[in-house]
Amino acid sequence: MEENEVFDEQTPVEENATEVVEDKIADPSKSKDAKWYALHTFSGYENVAKENLETVVTKFGLQNRIFDIIIPMESVVEEKNGKKKLVERKSMPCYIFVKMIYGDDLWHNVTRTRGITGFVGPNGRPLALTEEEVRKNKLEKIKVEANLQIGDKIEVIDGPLEGTIGQVQSVDAENGIATVLVEMFGREAPVDLDYTQMRKIEL
């Protein structure tokens with residue numbers, strides 16, 4: 001494949017290929033048929049694969065079949081030259097996740113996109129992620145009720161700051177996020193945390 005190619009010419013789909021009947025709903029991404037799948041990429045090609053698949057979605061008008069493409073990231077503390085800093089890195093190198101309504105007619109569109117080697121599943125066939133896997137990889141925001149107010153003390157229970165005590169500075173209840181003032185690298189700094197990453201300390 002040429003270096004600047006995004007997508008090979010699509011092989012015609014056999015006449016008896018399975019057809020997907022899309023739900024007649026306002027937002028097809030909310031359909032029960034819309035599921036998350038893992039795709040394997042060439043090493044170091046995660047961003048290229050994501051961008052090229054987005055191009056394929058636009059080129060072939062697949063916006064009602066392929067809804068979201070995510071490169072899993074995580075925050076980690078790195079130390080360099082005696083200084084620590086919080087950085088973002090890929091949590092699962094060589095993988096991207098795609099939310100889509102899969103059908104055999106999309107096989108070539110996805111697997112022949114430059115940078116993608118195939119679906120993750122038995123014999124390379126697509127296998128949708130379970131709800132637990134979706135939660136574990138934080139592919140969709142989980143609605144969590146938390147009675148947080150400005151000034152509340154919290155403990156971070158997930159992520160690189162796990163075990164840190166902080167104070168709530170602001171609350172975004174609609175998106176389930178709070179800005180918390182924590183001590184980090186010897187000084188206080190505000191960080192945005194999901195409700196799922198903290199617990200309120202009852203005084």
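Here is a check on your reading of the model: is Lys90 surrounded by 12 or more Cβ atoms within 10 Å (Cβ to Cβ) and touching a Pro at 6+ places or on another chain (Cβ under 9 Å)? Let's see the steps before the verdict.
Details: surrounded by 12 or more Cβ atoms within 10 Å (Cβ to Cβ): yes; touching a Pro at 6+ places or on another chain (Cβ under 9 Å): yes.
The answer is yes for Lys90.
Would you list the strands (runs of 3 or more DSSP E) that sit entirely within region 53-105 and hold 2 or more residues that are assigned by TED's automatic domain parsing to the domain that holds Gly124 and touching a Phe, Trp or Tyr at 6+ places or on another chain (Cβ under 6 Å)?
It comes to 95-100.
Picking from Asn123, Asn137, which residue would you name as being of a type outside the set (Ser, Thr, Tyr), at pLDDT below 90 and out of contact with any Leu (no Cβ under 9 Å at 6 or more places or on another chain)? Give the steps one after another, and end with the answer.
Numbers: Asn137 fails: out of contact with any Leu (no Cβ under 9 Å at 6 or more places or on another chain).
None of the others qualify; the one that does is Asn123.
I'm checking my understanding of the structure. Among residues of region 174-201 that are at pLDDT below 85 and among the hydroxyl-bearing types (Ser, Thr, Tyr), which one is surrounded by the fewest Cβ atoms within 10 Å (Cβ to Cβ)?
Among those residues, the one meeting the criterion is Thr196.
Residues are listed down the side, and each one gets a yes or a no for (1) of a type in the set (Val, Ile, Thr); (2) within 30 Å of Ala173 (Cα to Cα):
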position: Tyr37; (1), (2): no, yes
position: Phe60; (1), (2): no, no
position: Lys99; (1), (2): no, yes
position: Ile116; (1), (2): yes, no
position: Ala128; (1), (2): no, no
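Check region 79-92 and report whether any residue there is within 30 Å of Pro160 (Cα to Cα), touching a Lys or Arg at 6+ places or on another chain (Cβ under 7 Å), without any contact (Cβ under 8 Å) to a residue 24 or more places away in the chain and not small (Gly, Ala, Ser).
Keep residues of region 79-92 that are within 30 Å of Pro160 (Cα to Cα), which gives 79-92.
Within this subset, residues satisfying the condition of being touching a Lys or Arg at 6+ places or on another chain (Cβ under 7 Å) are none.
Within region 79-92, none of the residues are within 30 Å of Pro160 (Cα to Cα), touching a Lys or Arg at 6+ places or on another chain (Cβ under 7 Å), without any contact (Cβ under 8 Å) to a residue 24 or more places away in the chain and not small (Gly, Ala, Ser).
The values are calculated or read from the model by the stated rules, or taken from the named source; none is laboratory data. Computed from a predicted structure; not experimentally measured. Counting neighbours? That spans all protein chains shown, and the Cβs are built from the backbone with ideal geometry, glycine included.
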